[in-house]
Structures are given as C-alpha cells and as structure tokens.
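Undergrad: Sending over a structure as structure tokens; questions will come in a sec.
The values are calculated or read from the model by the stated rules, or taken from the named source; none is laboratory data. In this text the structure is predicted, and so the values were computed from the model without any measurement. When we count neighbours, we look across all protein chains shown, and the Cβ atoms used for this are built from the backbone with ideal geometry, even at glycine.
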Amino acid sequence: MKILVAEDDRVSRLLMQRTLTKFGYEVVLAEDGRQAVEILSQHDAPRLALIDWMMPELDGPSLCREMRAQHRDTPYVYIILLTSKQSSEDVVAGLEAGADDYLTKPCQMAELRARLHTGHRILSLEDRLVKAREEMRYRATHDALTGIWNRASILSLVRSELQRGARELRPVSLLLCDVDHFKSVNDNYGHIIGDQILEEVAKRFKDEVRGYDAVGRYGGEEFLIVLSDCDTASLEVRAEALRRSIADSPLLIDDLVISITISIGGTTCGKAAVDLPLELILAEADTALYQAKARGRNRSVFASNGTSQATGPISISA
C-alpha cells in the first residue's frame, strides 16, 4: 500500500521512509505542504499520509483543511499529523482541521505501526461503505435480470437527452423494440430459458449501440433505446443493424439453438420535443411498433414526422 510522507527535514524524511519501507509500504515523499497536496490530489494518490505539522508553503493543519475542502470522487485519504506540539489545544486544532490522528515526535515505532493499522481499518470500512452505496445505487437504477437501465432510469435518460438535444440543436431518436412471439417462447421453452433470451438480447443491443447511447428494459420483453445526435436517416440504419443483430444470429441457450426476431418502432425528436409530455413522444414509438407487428413482425417502422408533429395525427412509414 502506498503512503505519503510530507516532511521538510531531509534526514527525518529519509529515516521515516526507511522505517515505512521495512513495514512493507510503498513510500511517496513530499518536501513541503503544497507538494503534498498536489500528490494527494492525483488519481492514484496514497490512501495514507504522514504529514509534518510545521512545513513551508503549507503547514499540516492548512493542508488538512485544503484536502477536506476538496469535492472529489477519489477515495478517502487517512491523514496522521506528526507534531512536537503536545498541548491539548494544539491536538484539538489539528483534528478540527481535518486530521484523522496525530503522533508526537520523535515517533515510537510500535505506536507508529499501531496508528497505521488503525488507518487501515478505517479505510477498509470506508471502502465497504462506498461499495455498499454503489451496489444500492446500481440496484436502484438497473434491471435485475439483464443489467441494463430499468424503466425509471431509461425514462429519466430520455428526458435528459431531450433537454441536451434542445440545447445543442441536435436530434435525439428513440427505438422501442419488442421480442416477437415471446409468449410462445416461454410456453415452448419455459421462463428460465425466456429470461436467458432476454439477457442475450440486452447484451446484443448494448454491443450494437455506441458507448454514449442508452439501452433500457421498458417492460417485459420490450426495450427502449435512446440514440443521441441521431437523425431520421441515421435512425433507420441503426434500427436495421439492431434488428439484424438478433435475426441473423440464432441464440445458443444451454444446448438449444433458438431463432428469434424483434419488431421496432422508432421516432426522431427535434427541439420542440422537450416541451411535449414524454408519454406523447413514447406513444409515437409505440404506435410505430404496433404497425411493425401488424405488418408481419421482424421489421422496423418509423414515425415519419417526429415529435414536432406529435400534437396532430401520427404519420407512419415503413
């Protein structure tokens, strides 16, 4: 594990480096407080830091205050202040500045090792809490079966993309995709196989779209895909690629080779779409999807005029 030693006295710095190396740490050195802040602000910064109280450029308490004031997504840094000050007022000042612990100089090696072990335990707890929080966030926003965005999240992304598209004057397209005859699939192969089919369909969709597009499970066997900066002409090409990614390659589920197809309804949203109810926009894609199924499935149908005409009759073209 990496540890930062910030100490302006060269001899003290090298002695501490030698000791910590014997403890098994990868030691990073800083000669003053400003250099220490720069090191601790890096992406791969040490998680532990031994900071001398008295340093040029930035003293220990000031360094702590600056580090704690930063709003970063990087992991927490456990800071131990090294000081010859022993009054309770000084100790309180250091801890209130943001230090996690302190050691009086000269350091006793056994105490140093024990304080560092305490830092390890705190950081381990911090990591577990962060992991638990991220797992809860993931479960709240992703579909439990397929791992793609769930319905609430994909609808939120649609709203965000429509707003961004309106600001940047770029079109946003939506595709509503439905697995054809999925009830028959469940009846013939069972729900476990049906679930595996939905997982594979979701994977192929994710592989086919661009990294900044979004794929979500709209409900049951329906998927909603959000395509940023995608006009009507591009939408037709993208929809065909998605359709073929399913139709042209049978699915291998356990020992079964299963051929399925999808039907797609699409619409392209211009700047005016941001002021329309989302339900009305989705209704265009849903109507187009209905037409695709009515015309024999395994095909794409698009609302020809986009949501700029959504208040009037919807014109559908294959």
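Undergrad: Can you name the residue in segment 66-91 that is loosely packed, with under 11 Cβ neighbours inside 10 Å and either under 16 Å from MET55 (Cα atoms) or not polar (S, T, N, Q) (or both) and, of all such residues, is modelled with the lowest pLDDT?
TA: HIS71
Undergrad: OK, next. Regarding segment 123-133, can at least one residue be identified that is more than 26 Å from HIS43 (Cα to Cα) and either surrounded by fewer than 16 Cβ atoms within 10 Å (Cβ to Cβ) or among the basic types (Lys, Arg) (or both)?
TA: no
Undergrad: With GLU279, GLU240 as the choices, which residue is over 21 Å from ASN298 (Cβ atoms) and either buried (at least 19 other Cβ atoms within 10 Å of the Cβ) or of a type outside the set (Phe, Trp, Tyr) (or both)?
TA: GLU279
Undergrad: Could you check segment 268-281 and list, in sequence order, the residues that are part of a helix (DSSP H, G or I) and in contact (Cβ under 8 Å) with a residue 12 or more places away in the chain?
TA: LYS271, ALA272, ALA273, VAL274, LEU278, LEU280, ILE281
Undergrad: Let me ask something additional. Report yes if ASP178 is within 25 Å of ALA283 (Cβ to Cβ), surrounded by fewer than 17 Cβ atoms within 10 Å (Cβ to Cβ) and in contact with a Phe, Trp or Tyr (Cβ under 9 Å, 6 or more places away or on another chain), otherwise no.
TA: For ASP178, the condition - within 25 Å of ALA283 (Cβ to Cβ), surrounded by fewer than 17 Cβ atoms within 10 Å (Cβ to Cβ) and in contact with a Phe, Trp or Tyr (Cβ under 9 Å, 6 or more places away or on another chain) - is not met.
Undergrad: Mind telling me which of the residues ASP127, ASP180 ends up being touching a residue at least 24 places away in the same chain (Cβ under 8 Å) and more than 30 Å from ASP207 (Cα to Cα)?
TA: ASP127
Undergrad: Same structure again: Answer with yes or no whether ILE197 is aliphatic (A, V, I, L, M) and either surrounded by fewer than 20 Cβ atoms within 10 Å (Cβ to Cβ) or on the phi > 0 side of the Ramachandran plot (or both).
TA: No, not satisfied.
Undergrad: Please specify each residue of segment 60-97 satisfying the condition of being outside any helix (DSSP H, G or I), under 32 Å from the mean Cα position of the chain (by Cα) and without any contact (Cβ under 8 Å) to a residue 12 or more places away in the chain.
TA: HIS71, ASP73, listed by residue number.
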